[in-house]
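The values are calculated or read from the model by the stated rules, or taken from the named source; none is laboratory data. Just so it is clear, the structure is predicted and the values come from calculations on it, not from any experiment. Please note: Cβ atoms are built from the backbone with ideal geometry, for glycine as well, and neighbour counts cover all protein chains shown. When the accessible area is computed, the model is the full protein with side chains, heavy atoms only, and any ligands, DNA or RNA have been set aside. Shrake-Rupley method; radii C 1.70, N 1.55, O 1.52, S 1.80 Å.
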Amino acid sequence: MNTSVVSPGRAGLILLLTGQMLPLIDTSITNVALDSITHSLHATATGLELIVALYGVAFAVCLAPGSKLGDNLGRRRLFMWGVAGFGLASLLCGMAGNIEQLLAARIVQGAGAALIMPQILATLHVTLKGTAHAKAISLFGGIGGIAFIVGQMGGGWLVSADIAGLGWRNAFFINVPICLVVLALSRRYVPETRREMPSRIDWTGTVLLATILCCLLFPMALGPQWHWSWPLKAALLAIIPLTFFMVMNARQKERENAHPLIPPRLMQLRSIRFGVLIAVLFFSVWSGFMFCMALTMQTGLGMAPWQSGNSFIALGVTYFISAWFAPRLIARYSTSTILLTGLAIQITGLLALIVTFHFWGMNNTALTLAPATGLVGYGQALIVNSFYRMGMRDIQPDDAGAASAILSTLQQAALGLGPAIFGAILLHALQNHHGNYTQAINVFLAVEATMMAGLALVTRCMRHHLCLPVVKTCQATK
């Protein structure tokens, strides 16, 4: 078994970052294509929620096992498996003849993304040192903004251009040649790495987590359509015993040194619990925001896909700029200060959006939305950059992998559940406002702003506990 560490070089780095962009771009492209999918496959609002949500849940559930499999079997191997699975699923998405086939393909696509993402960061961490490592990690952290812009603009153009009469299907087909190029070159340019001592996978915990997420996802997505019938209520109630079994399973595996999916001893740390709070509140709201805004602009305001995509350009640009400068700001100030600043800017942007929709209504354009969405994007990047730093603050080096897996899994789970939860809020508001999208989106934006204000209040209350070690470290450094 070859465990020698070789630098990936520039070509390998480009391939890894291209692999990273595939799942990120796909999320943006899917949001842009929602209205076209509705007309083509006769999808309901619930179906649209599931198109986004099932991908995120599959991503979250498979993330930790994907990371462990990469450690054990080889990170390049799992990266290539993930790219192959993602490419095949993209092909099946584009060929889907009905909403059920599209949903099934989206689950496979989410699983493929979960195999790709952990291998990239782990490979960069293991193979690069010093300045090269710092630059690669900065690119890894900031590429989300680039992927967002490419996905929104490229996806909008692909759907609107209607190449070969394929419409929204091109938004998925475009992934296939990119995946083939990455597969063709990865074996040559991406080094193979793995752990010397294989680690066991908590399959029981993984299955329980998947079941819990499904018991939350499907009632929230199907509730308004099925009038909250008893099977949906039973599924929600089942979350309580399932969570209990998951905790018991984790405690037993921890006693046996068997590496549970979510180690209970780490969940006792204040920083991890706060990271979980950020993951649940912020990332569910973020994905819900993108879904509800895309639906409002295309179905409500009647924008073409390219117009809807262009409406998010300001958000993507400010996100990228903010992400680029965020590490320096965090180094100069405390992480909690930057988190509070990000929340304040985002709340201001959300309130500005409410005012924009109130005054411009159905006449909104990408230009009228730009100032408010730009503020939202700048604040989001500050929050995201603070997330892992805040959550990992009390973690010892030996627990870094497990803690990162907890935060990443819950982050992706929240991203997956957001469209179902907040899509239901939007649909309920639409019913109350007789189909008026501009009034309904303002109800959602008010809920989001309130949740972000609550997160800011909690952050401020916990600021002393979360920042004291940082302040001491800064003083010691001086």
Debye equation applied to the C-alpha atoms of the stretch 188-233, log10 I(q)/I(0) at 0.23 Å⁻¹: -0.84
Fraction of alpha-carbon pairs over 16 Å apart in the stretch 339-396 - percent: 50 percent
Shape metrics for the chain, restricted to C-alpha atoms - Rg then Dmax, Å: 21.6, 65
Cβ-defined net charge surrounding Ala304, 12 Å radius [Lys, Arg +1; Asp, Glu -1]: -2
Gain on full stretching of the segment that runs from Ala84 to Ala164 - 0.36 nm per residue minus C-alpha separation: 26.3 nm
Two-decimal ratio, the stretch 136-286, of alpha-carbon radius of gyration to 2.2 N^0.38 Å: 1.45
Sites Ala11 and Tyr333, calculated FRET efficiency, Cβ-Cβ separation with R0 41 Å, nearest 0.05: 0.65
Longest site-free stretch - the chain; sites: GluC sites (Glu not before Pro), DSSP loop, at most 10 other Cβ within 10 Å: 257-478
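What is the stretch 6-136 by shape, rounded, prolate or oblate, if you read a ≥ b ≥ c off the alpha carbon gyration tensor as root eigenvalues and call it rounded for a/c under 1.5, prolate for a/b larger than b/c, and oblate otherwise?
prolate
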Rg followed by Dmax, in Å, when the stretch 288-393 is reduced to its Cα trace: 15.0, 46
Order of exposure, largest accessible area first, which applies to Met117, Met362 with probe 1.4 Å: Met362, Met117
Solvent accessible area, Å² - His125, 1.4 Å probe, full protein context: 110 Å²
The stretch 15-67, Cα convex hull volume normalised per residue, Å³: 82 Å³
Rg to Rh quotient for the stretch 210-298, alpha carbon positions, Kirkwood Rh: 1.08
Pair Leu351, Thr131: separation of 7 Å Cα→Cβ label points (nm): 4.5 nm
Two-decimal log10 I(q)/I(0) for the stretch 257-298, as the Debye equation yields it once each C-alpha is a single scatterer, q = 0.21 Å⁻¹: -0.72
Accessible area of Leu69 in the full protein assembly, 1.4 Å probe (Å², nearest 10): 50 Å²
Residue-normalised accessible area of the chain, given per residue in Å² at a 1.4 Å probe: 43 Å²
Anisotropy class of the stretch 335-446 from Cα gyration tensor, a/c 1.5 cut: oblate
Span from the the stretch 268-319 Cα centroid across to the the stretch 56-90 one, whole angstrom: 25 Å
Sparse-neighbour loop sites [chymotrypsin sites (Phe, Trp or Tyr not before Pro); the stretch 306-414; at most 15 other C-beta within 10 Å; DSSP]: Tyr333
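What does the charge add up to near Ile37, with Lys and Arg as +1, Asp and Glu as -1, over the other residues with Cβ less than 14 Å from its Cβ? Numbers along the way, then the final one.
On the way: positive: Arg106, Arg169; negative: Asp26, Asp35, Glu49, Glu100, Asp162.
Within the 14 Å Cβ shell, the charges total -3.
Can you check what the Kirkwood hydrodynamic radius comes to for the stretch 82-220, Cα pairs only, in Å to one decimal?
It works out to 17.8 Å.
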